[in-house]
1. Filtering segment B:74-92 down to residues that are free of Cβ contacts under 8 Å to residues at least 12 places away in the same chain and among the hydrophobic types (A, V, I, L, M, F, W, C), which residue is farthest from A:Lys39 (Cα to Cα)?
2. With the requirement that a residue be within 13 Å of chain B (Cβ to nearest Cβ), in a helix (DSSP H, G or I), surrounded by fewer than 16 Cβ atoms within 10 Å (Cβ to Cβ) and within 8 Å of DNA strand C (Cβ to nearest atom), what does segment A:34-90 give you?
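Bear in mind these aren't lab numbers, they're just calculated from the coordinates by the rules spelled out. What you see is a predicted model, and the numbers here were worked out from it, not measured in a lab. Cβ placement follows ideal geometry from the backbone for every residue including glycine, while neighbour counts extend to all protein chains displayed.
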There are 2 protein chains.
Amino acid sequence: MSLQKLKQRALTNPDVKAEYEKLESEFNLIDQLLSMRTKAGLTQEQVAERMQTQKSNISRLEKGNANPSWSTLLKYAHACGFELSLKPQKIV
Amino acid sequence: MSLQKLKQRALTNPDVKAEYEKLESEFNLIDQLLSMRTKAGLTQEQVAERMQTQKSNISRLEKGNANPSWSTLLKYAHACGFELSLKPQKIV
DNA sequence: AGCGGAGTTATCATATGTGATAACAAGATT
DNA sequence: AATCTTGTTATCACATATGATAACTCCGCT
């Protein structure tokens with residue numbers, strides 16, 4: 001069985017699928033956060049200062065299981081010099 | 001003094017400005033949430049079902065002082081048939 | 001007038017995000 | 001080797017988001 005087949009089969013399990021999508025979107029979110037920071041050329045500590053918090057909290061945001069609130073996302077984005085809104089894409 | 005002038009002057013106060021921007025982005029967020037739901041043609045109750053929660057919680061999301069977590073935003077978007085990512089816009 | 005659908009508000013218990021501190025790891029620099 | 005920078009991890013206390021229930025308003029309909 002190919003890897004693709006295996007993945008596809010696994011994803012027919014609703015629970016697995018949910019977890020997968022959760023991970024995927026989390027990855028995307030983290031990816032987008034990091035992208036903002038690197039584009040701004042800032043360190044975690046610098047972002048932390050601008051957000052009036054600690055660098056460890058920024059690491060937590062970017063590293064593990066991030067489920068930040070909207071206001072935290074806003075603060076982070078602003079610290080990196082970005083305005084923020086949602087980008088909803090219709091699922092086909 | 002014109003209204004514009006007054007607004008402009010008020011916004012030179014950092015605290016006022018922060019509050020203003022907070023309100024503005026909150027409005028935008030709520031606006032975007034509502035937009036998704038109406039585009040999907042769903043009632044709050046239908047969205048609530050799909051999110052496995054109560055309609056009152058959806059109302060709270062759309063109505064007052066919303067500061068939802070990313071996972072809540074994802075659930076809401078999915079319930080409305082949307083995928084979700086951030087849209088950062090560089091501040092000039 | 002009465003009814004049903006849609007949305008709002010208040011409230012409580014619980015889960016979880018966030019702030020803060022400290023200690024550690026890995027690389028670069030001197 | 002010693003130091004500094006950057007990022008990571010663990011932990012605790014506290015703030016706040018979320019789930020759930022109930023009662024309410026408003027509006028269109030019969």
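1. Initially, segment B:74-92 is screened for residues free of Cβ contacts under 8 Å to residues at least 12 places away in the same chain, giving B:74, B:83-92.
In the following step, the residues that additionally are among the hydrophobic types (A, V, I, L, M, F, W, C) were identified as B:74, B:84, B:86, B:91-92.
Details: B:Leu74: 25, B:Leu84: 21, B:Leu86: 15, B:Ile91: 12, B:Val92: 14 Å.
Selected residue: B:Leu74.
2. Passing the criteria: only A:Ser71.
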